[in-house]
1. Can you pull out the residues in the stretch B:83-105 that are free of Cβ contacts under 8 Å to residues at least 60 places away in the same chain and more than 7 Å from chain A (Cβ to nearest Cβ)?
2. May I ask you to list the residues in the stretch A:450-485 that are crowded, with 20+ Cβ neighbours inside 10 Å, among the polar types (S, T, N, Q) and within 17 Å of A:Val521 (Cβ to Cβ)?
3. Quick one: would you say B:Gln78 is at the interface with chain A (Cβ under 9 Å from one of its Cβ atoms) and closer than 30 Å to B:Asp14 by Cα?
4. Counting only residues that are touching a strand residue (DSSP E or B) at 6+ places or on another chain (Cβ under 8 Å) and acidic (Asp, Glu), which one in the stretch A:403-449 is farthest from A:Leu323 (Cα to Cα)?
5. Checking A:Ile600 against (1) more than 14 Å from chain B (Cβ to nearest Cβ); (2) touching a Lys or Arg at 6+ places or on another chain (Cβ under 9 Å); (3) surrounded by fewer than 20 Cβ atoms within 10 Å (Cβ to Cβ), which single condition isn't satisfied?
6. Considering only the stretch B:51-102, state which residues are among the hydrophobic types (A, V, I, L, M, F, W, C) and part of a loop (DSSP other than H, G, I, E, B).
7. Taking the condition of a type in the set (Lys, Arg), surrounded by 20 or more Cβ atoms within 10 Å (Cβ to Cβ), over 23 Å from A:Met223 (Cβ atoms) and more than 7 Å from chain A (Cβ to nearest Cβ), does B:Arg3 pass?
8. Does A:Ala703 meet the test of being in contact with a His (Cβ under 8 Å, 6 or more places away or on another chain), crowded, with 23+ Cβ neighbours inside 10 Å and in a helix (DSSP H, G or I)?
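Every number here is computed from the coordinates shown, using simple stated rules; none is lab data. Keep in mind it's a predicted model, so treat the numbers as computed, not measured. Because the Cβ atoms are built from the backbone with ideal geometry, glycine has one as well, and the counts that use them run over all protein chains shown.
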Amino acid sequence: MNHVVRMNRRSFVIGTAAVGGGLALGLELQIGSGEAEAAASEPEVNAWVVIRPDETVVIRVAKSEMGQGTITGLAQLVAEELECDWSKVTFEYPTPGQNLARKQVWGTMFTAGSRGIRESQELVRNGGAVARQMLLQAAANGWNVPVSECSAVNGAIAHKSSGRTTTFGKVAEAAGKLEPPKDVQLKDPKDWKIAGRPLKRLDTIDKLTGQLIYGIDVKLPGMLNAAIKDCPVFGGKLKSFDAEKIMGMKGVQKVVRVGESAVAVVADTWWQAKTALDALPIQWDEGENANISSASIAEWLKAGLDAEQAFVGNQNGDVKAALASAAKKVEAVYSYPYQNHATMEPMNTTALYTADKCEVWCPTQNGDRALAAVIEASGLSAPKCEVHKLPLGGGFGRRTFTDYIHQAVAIAKEMPGTPVKLLWSREEDMAHGRYHPITQAKMVGGFDASGNLTALHMRISGQSIFASVRPESLQNGRDPATFQGLNPSGPEAAIGYTIPNLLIDHAMRNPPVPPGFWRGVNINHNAIYLECFMDELAHSIGQDPLEFRRRLMAQHPKHLAVLNAVAEKIGWAKSPPQEIHRGIAQMMAFGSYVAAATEISVDNGNKIKIHRIVAATDCGTAVNPAQIERQIAGSFVYGLSALFYQECTLNGGRIEQENFDTYDSMRIAQMPKVESIVMPSGGFWGGVGEPTICVAGPAVLNAFFNATGQRIRSFPLKNHNVQFA
Amino acid sequence: MARITVNRKSHDIDVDPNTPLLWVLREQVGLTGTKYGCGIAQCGACTVHIDGAAVRSCSLPVSGAEGKQITTIEGLAQNGVLHPVQKAWLEHDVPQCGYCQTGMIMAAVALLMEKPKPSDADIDSTITNICRCGTFQQVRAAIHAATNA
C-alpha cells in the first residue's frame, strides 16, 4: 500500500503520503461516522479479523451493503467460527486497492445476483475459523500447553486442566504473528449459535440520526460540485455548448465536456451547478436512434415471437408434433416493459485527481470494477488509484455499473488537485439508467383428450443483458441468463415443472437502450409469463391452479414444498371469505425456491386491495431469518411497484419518464401485510435479496383473474386503468 | 443572504433566496442527514420540520423558511438521547439501505405530534414517503410502537 487509511467512528483522516511525494494531503473528511475502512496499519489476526486490546472485534466485509443486510450476515458467519462475543463486533470495509494489493484475499467484491453471502460464506467462515485457531495457538504458546487442550467461547480462551483463562484482546497481537493453520474444520450449521439467529443489523444507528455518510454526503476540503447532462438519445453525442452564457452565474467555475456525449458544470455548490446546467445552451447530435420509440421496439419484438431463428434454453420431447396433435391448444402473448432501478440515492462519485494519484469516493456494488474504472479513466497505474466504498442508498443492480465513476474521474482530471463531487439529478438518473430488459413472450400449451398438459412452447422475444454488458458470457450468441428460472436443471434457477414436450427459446432482439441487472433480473418477466400462463392453462380445463401445478411438480420436491407451504398457510383448501380472491405462484432463482399466495379484493373491476400475502423461501441455509423476512417483505414493494406503476417508454430515442411523478413507487398505504415463511431445508446456500420479487406479480395477477375474469398480459397495470384501491 | 434557524441555531447564509432549503441545509449549513431524492416533493427523503410541521425541503425556497424554526434529523435527538421514534426504529430494526429513513422518521415524528395515537389509516394518509427497499411493514410497526413509548 502506498498510503495509509486510518479511520475511527467519529472522524477519519486520510493521511496521503503518495509514493514520489507529489501529494501530501491531510484531508479530514467531514464524516461524522459511518462505515470505517480497513486501517492498513492496525494489527490484524488475519485479513478478516482485527481484535483490539479493548476486545472490540472488527470484522472486515468485502461485499457492498445496500440495505440487503449482507454486512450483518457475513459478520455473523465470521463471528460464529471465531467464537467471539457478538456484542463486541463491529465492521469495516477493506478498499478495492487493498484487495488488489493483497491478491484478492477477500475474494471478489462484486455484490449482485443475491450472492453477497452465498458466494463468500466459505471464505469468511474459513477466515473466522483460522483466526480462532491462531488466537488459541497464541494462548497455548503463552501457557506452554498443547493447543488441543485450549478452547474458545465468547471471546474468552480457557485451558481447562490448569484453569487458566485469557481473552482474545490479550493474545490478538501475538496471534497475528503466527503462521495461519492450513486446515480448519468449519461448524455444521446445526451447531450455530450466532449465525442462523435473527440478530439485529450492525449498521442501523447512524441511519436514524442522519450521521451515516453516503456517497452523496462526502465533503472534502476545497471540494467543488458537478452536475451533468448526457445526450438524452441513446448513442447520441454532444455537438456543442455555449459556456459563455453561464460563466457569469454565481458559483460557476468550469464547464467541462465529458467523453463524447456529456457536458458537466462545476460550481461551488451542486445547486449552483444544476441551475447553471439547466441554463446552458446545448446542441446534441442525436444520431441514428432519434427515431426509436416504444412502438417501434414493440413491433420488432413482436416479429421475434414467430421468428425462425431462436436460441434454445430448455427442450425435451417434440413440442411441434405434440402441439399439432393436441386435443386442445391455449395461446397467449405477454409483454414486459423497460424499468429503471430508481435507487433513492442518485448516482454520484467524488474524485480527486493529480498527476500522481487518483482517489474516488463512491457508492458501488462492484469495488473491483470501480477501481478498474478509476485506473482506466485516470490513465494512472493501479498502485496510484484507490476507491473508497461508501454505503449505498439503494443498489438493486444499478451500481454494478461504473459509468458515473468514469464521468467523475473525467471531470476531476480537468481540475487536478481539486476534489469534485459529481451528482446526478433524478432526471439524469431516469434518462440514463441500465434498464430492466424489454421482452415479449408467446405461450402455447397443448392438452391431450384427457386434459393432460402434453406440450408447452414458451418463446421469449427481446433483449439480452449479457449481449450488452457481458458479451464474453454469451454461448455462441446465446444468452444463458435469459432462461433464468426456466433451466432444465441445476442449482441456480431450474424450472419446477415436468412437461413431456417442452421448448423454451429466445429470439434475441437488442434495441439500442442499455439494459442492466435489475433486482431479480430475468426472472421478473419469466415468472409472470410462466406462472400466469400456468394459471391460464389450469382454468382452460377447469382445474384448480394449485392442483394443476402439483401434478406437474412431482419431480421437483423443493419447488413443490414452498408452493405447498404458502397454499397451506393461506388456507387454499378452504374457500376464501366473500369478496376475497386468491392467487398463487412459485419460481426458483438465485439458488432459492420461492412461492407466494395472495388474497385480494377488487372494487369496481379495477381497484385492487391486497389483504394478505404469504411468501415462502427455501434458501437452503438461513444466516439471519429476521433479515431474510425483511428482504421478502421488501421484495413485494419492489415487485408490486413495478407491476402497478413502472414503465420507461421511449419517444424520439429518449426515455419519457423524468421523475417519480411519472415513475411512481409504492407508499406505505399500498403495503400489504406480508407473512413470511423462511424454511431452509439445508445442504445448500441460496440467495434471498432477489428471488421473491418475481412471484409478487403473478400471485396478484392470478388473484385478479379470479376476481374479475380479466387476464392482463402487458404491464404496468396503470396502462389498463387498474390501480391500488 | 438568508438568515435561518436550524436546530435552534441561527445561520446567516450567502445564498440566492430561491435556493431550495434542502440544498442550503446540505451544502451551506453542512447537515447532510436530509436527503435529496427527487427535487419535486414526491419522495419525501428531504422531509424536515418547519415550526413543527413536516415539509419537503427540496421544494421550499430558503426565503420561505426565514424567521421559522427548522428542525432536521440532526436536531431530533436531545442531549444525545434518541427521540422515541428513533428508539422505536432501532428496536424494530427498520432501515435497510437507510437513505429514505431520515425523511421517513421526520414525517413520523410530525404525525405523532399531530396525532399521538394514529390509526393505520392516519399513517396511510400522512406517511407518503417513498422507500425503494420496502421497509413499510417495519415502519408501520415502529410508528405504533413509538406511541406507547
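1. B:His83, B:Glu91, B:His92, B:Val94
2. A:Gln463, A:Ser464, A:Thr482, A:Gln484
3. no
4. Ranking the candidates gives A:Glu414 first.
5. With (1) more than 14 Å from chain B (Cβ to nearest Cβ); (2) touching a Lys or Arg at 6+ places or on another chain (Cβ under 9 Å); (3) surrounded by fewer than 20 Cβ atoms within 10 Å (Cβ to Cβ) applied to A:Ile600, the lone miss is (3).
6. Residues satisfying the conditions are B:Leu60, B:Leu76, B:Ala77, B:Leu82, B:Val94, B:Cys97, B:Cys100.
7. No: the conditions fail for B:Arg3.
8. yes
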